[in-house]
Amino acid sequence: MTTEKLALDEIIPTIERVKLTIETLKQELDEKQALVIEKERLLAEREEKLNQAQISQQKLESEYLSLENEFKKISELFNELSTQKETTLDVKQLLSIYIALLEKVFSGKPHAKILYLLHGDKSEMSREELTKATGFSAAIVLHSLHELNRAELIKYNEDEGKAFLINRIY
């Protein structure tokens, strides 16, 4: 019996060491699992951002194709009208604005409306007047005014909030 007791006394420290090793390995496994979960979350976020970027890119491509088709229609209309002797002033005016926008400003839908309004009775309008007249949001009108100002088609005075037509296209 004493030999059995000695054997048990020798086995107990070994069991304790194995138990401690198991607990350490379990703790490391838990840490690794937490790390894997965090990496999976980050990967899911990146995939979502990539999907959003792809959707945005598809929208931009769609807008570009739409703009390209509109330009082709305008070009065809211009070619057709240039062969005729009677061309109305309105078509020339509209075509002049679109050509200027396509050359100097990309995606000029709000830009065209602003230019068209400034080519009307008033060549000077406030930002608020333009916002009401175009039906676009104030942010889009402000962005368009800055782009038209950079393209040197209008002069926009930020302090007064007024847009001035630099020179008439038609």
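Where a number appears in this text, it was derived from the coordinates with a stated rule and is not lab data. None of the values given here were measured: they were computed from a predicted structure. When we count neighbours, we look across all protein chains shown, and the Cβ atoms used for this are built from the backbone with ideal geometry, even at glycine.
Assorted remarks:
- Label-point gap, in nm, between GLU38 and ILE15 - each point 7 angstrom along Cα→Cβ: 3.7 nm
- Each peptide in 139-148, 117-126 gets a packing score, the mean of other Cβ atoms within 10 Å over its residues, and the list from highest to lowest is 139-148, 117-126.
- Normalised convex hull volume, the stretch 8-73, alpha-carbon set, Å³ per residue: 43 Å³
- Between ILE55 and LYS132, full extension at 0.36 nm per residue minus the direct alpha carbon distance yields a gain of 24.6 nm.
- Cβ crowding within 10 Å averaged over residues, with 127-133, 22-28 ranked highest first: 127-133, 22-28
- Given LYS92/LYS162; LYS59/LYS132; LYS49/LYS109; LYS72/LYS132; LYS39/LYS109; LYS19/LYS39, the pairs whose alpha carbons are separated by over 32 Å: LYS39/LYS109
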